[in-house]
1. What number comes out for the charge environment of Leu72, summing +1 per Lys or Arg and -1 per Asp or Glu over other residues with Cβ under 10 Å away?
2. Please report the antiparallel percentage of DSSP beta bridges with both residues in the chain, rounded to the nearest 5.
3. Please give the helix 196-211 orientation as an angle from the longest Cα principal axis of the chain, in degrees from 0 to 90, rounded to the nearest 10.
4. Keeping every protein chain present and rolling a 1.4 Å probe, give me the accessible area per residue for the chain in Å².
5. Of the cross-linked pairs Lys18/Lys58; Lys29/Lys71; Lys18/Lys160, which ones have a Cα-Cα span greater than 24 Å in the structure shown?
6. Measure off 7 Å from each Cα along the Cα-to-Cβ vector at Ser197 and Thr176, then give the distance between these two points in nanometres to one decimal.
7. At a probe size of 1.4 Å, how large is the accessible area of Lys150, to the nearest 10 Å²?
8. Given Cα pairs under 8 Å that are at least 6 residues apart, what percent is the relative contact order of the chain?
Amino acid sequence: VPAPEIRELAPPTVRFPKNRHNYRFVPGKHRLEDLPMLLEEGVPSFRERSGLVVCNTKRSAYDVWRTLREKLPGEIVLFLSRAQAPRHRARVLRYLRLLEHRGLRHFLVSTQVVEAGVDLDFDWVFRDLGPLDSVVQAAGRCNRHASEEKTGHVMVAELKGEEARRPFCEYVYSSTLLAATRHRLSSVETFDEGAVSSLVEAYYRDVEDRTLPSPDLWKGGIEEG
């Protein structure tokens, strides 16, 4: 049976009408405790603007939440995870929408539960390294409504715990997806939303190349005859 034809539904001429946010990738592995410093250095006025931090595990999200509450005394710092009861999550989401509607500064630390089906808008987003498509999903919460008055900031870095031998992303995602993401993000480090389409396309090619067996895999290993 021939493989089905795969067609891109969006024509190649499609472009975002406005650059909603800029991306910045910070290479290397960073301690979770250093996240406030990364934000200070990489997100303009991060303390004065509402922000979202997306983590890869419930434990790392909880630890980041505690860290930010300590570093941002007096600020509204909320936590969201699928481990919470549905009623609790719904209450947090209602509160977030109220804060956004009233224009009150707030911060949210969340697991990947916030990446799909959640209509929230933040001035900046930090995403612990994950597959590139997940990074783009999280970035969709940054200047979501394309404000003409501001450009959002998306930062991506690889976090690890104090005693952890591996970064948190490696406990959740396959090495193939992570290697392709590191390769693509390291090749640019900074880019705007308009570059996302071509970057994601190149990322999927990388994943395919890393997944499909090499044509030389069995060369010389099987006797012809």
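The values are calculated or read from the model by the stated rules, or taken from the named source; none is laboratory data. A quick note: this is a predicted structure, and the numbers were derived from the prediction, not measured. Neighbour counts are summed over all protein chains in view; Cβ atoms, including those assigned to glycine, are modelled from backbone coordinates with ideal geometry. Side chains included, ligands, DNA and RNA excluded: accessible areas come from the protein's heavy atoms. Shrake-Rupley method; radii C 1.70, N 1.55, O 1.52, S 1.80 Å.
1. Cβ neighbours under 10 Å give a net charge of +2.
2. Numbers: 3 of 30 bridges.
Of those bridges, close to 10 percent are antiparallel.
3. Helix 196-211 and the main axis of the chain meet at about 50 degrees.
4. Heavy-atom SASA per residue in the chain reads 59 Å².
5. From Lys18/Lys58; Lys29/Lys71; Lys18/Lys160, over 24 Å: Lys18/Lys58; Lys18/Lys160.
6. 2.7
7. Surface open to solvent at Lys150 totals about 60 Å².
8. Working: 333 pairs, mean separation 65.4, N = 225.
Across the chain, relative contact order equals 29 percent.
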